[in-house]
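One structure is given here, and the rest of the page talks about it.
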Amino acid sequence: MSVCPCGGVPAGASLAECCGPALANEAWPETAEALMRSRYTAFATGSEDHLFRTWHPRTRPADTSVDPDTRWTGLTIHRVVAGGAEDESGVVDFTAHYVADGEPGGMHEVSEFTKRAKRWMYVGPASQ
């Protein structure tokens, strides 16, 4: 049993115990952080359907495909502001680590999330 690509919640949890139900559309993440983790896992596993379905329609680009040449290698959550089960909005500050063209890198983003029809949705980078 391997650890979920997001690192697992609780730490070390398997994909089936962590983000798997969200990617399979069996459960919707209950917090902004859980949605962020599931979206990272979708990038890592190539689950483009999950990325499309969790991106707010107001900000979703026409193409939500995953770059097959990028290998996602880890996720670091730096800070979470609100985004709990009872909240309507939240912010997750994270770095997604990857290897592309043989070179390691990291994508840092402070992401905004909001609820739509009682479900967490990714909006995009938070306004600074």
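The values are calculated or read from the model by the stated rules, or taken from the named source; none is laboratory data. Worth saying up front: this structure is predicted, and the values here are computed from it rather than measured. A quick note on method: Cβ atoms are made from the backbone with ideal geometry, for glycine too, and the neighbour counts reach across all protein chains shown. To get the accessible areas, we keep the full protein, side chains included, count just its heavy atoms, and leave off ligands, DNA and RNA. Shrake-Rupley method; radii C 1.70, N 1.55, O 1.52, S 1.80 Å.
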Please count how many residues of segment 58-81 are in contact (Cβ under 8 Å) with a residue 24 or more places away in the chain, out of contact with any Asp or Glu (no Cβ under 8 Å at 6 or more places or on another chain), within 18 Å of residue 120 (Cα to Cα) and open to solvent by less than 60 Å² (accessible area, probe 1.4 Å). 1
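Among 39, 53, 58, 79, which is the only one that is touching a helix residue (DSSP H, G or I) at 6+ places or on another chain (Cβ under 9 Å) and basic (Lys, Arg)?
Only one candidate qualifies: 39.
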Which of the following residues is surrounded by 15 or more Cβ atoms within 10 Å (Cβ to Cβ), assigned to a strand (DSSP E or B) and touching a Gly at 6+ places or on another chain (Cβ under 7 Å): 124, 90? 90
So is residue 68 part of a loop (DSSP other than H, G, I, E, B), within 25 Å of residue 2 (Cβ to Cβ) and modelled with pLDDT under 95 or not? yes
Look through 78, 56 and report the one residue that is at pLDDT 95 or above and either over 26 Å from residue 117 (Cβ atoms) or acidic (Asp, Glu) (or both). 78
Scanning segment 36-53 for residues that are of a type in the set (Ser, Thr, Tyr), in a helix (DSSP H, G or I) and more than 19 Å from residue 81 (Cα to Cα) gives 41, 45
In this structure, does residue 44 turn out to be in contact (Cβ under 8 Å) with a residue 24 or more places away in the chain, open to solvent by less than 60 Å² (accessible area, probe 1.4 Å) and within 17 Å of residue 113 (Cα to Cα)? no
What number of residues in segment 93-105 are free of Cβ contacts under 8 Å to residues at least 24 places away in the same chain, surrounded by 11 or more Cβ atoms within 10 Å (Cβ to Cβ) and farther than 16 Å from residue 126 by Cα? 1
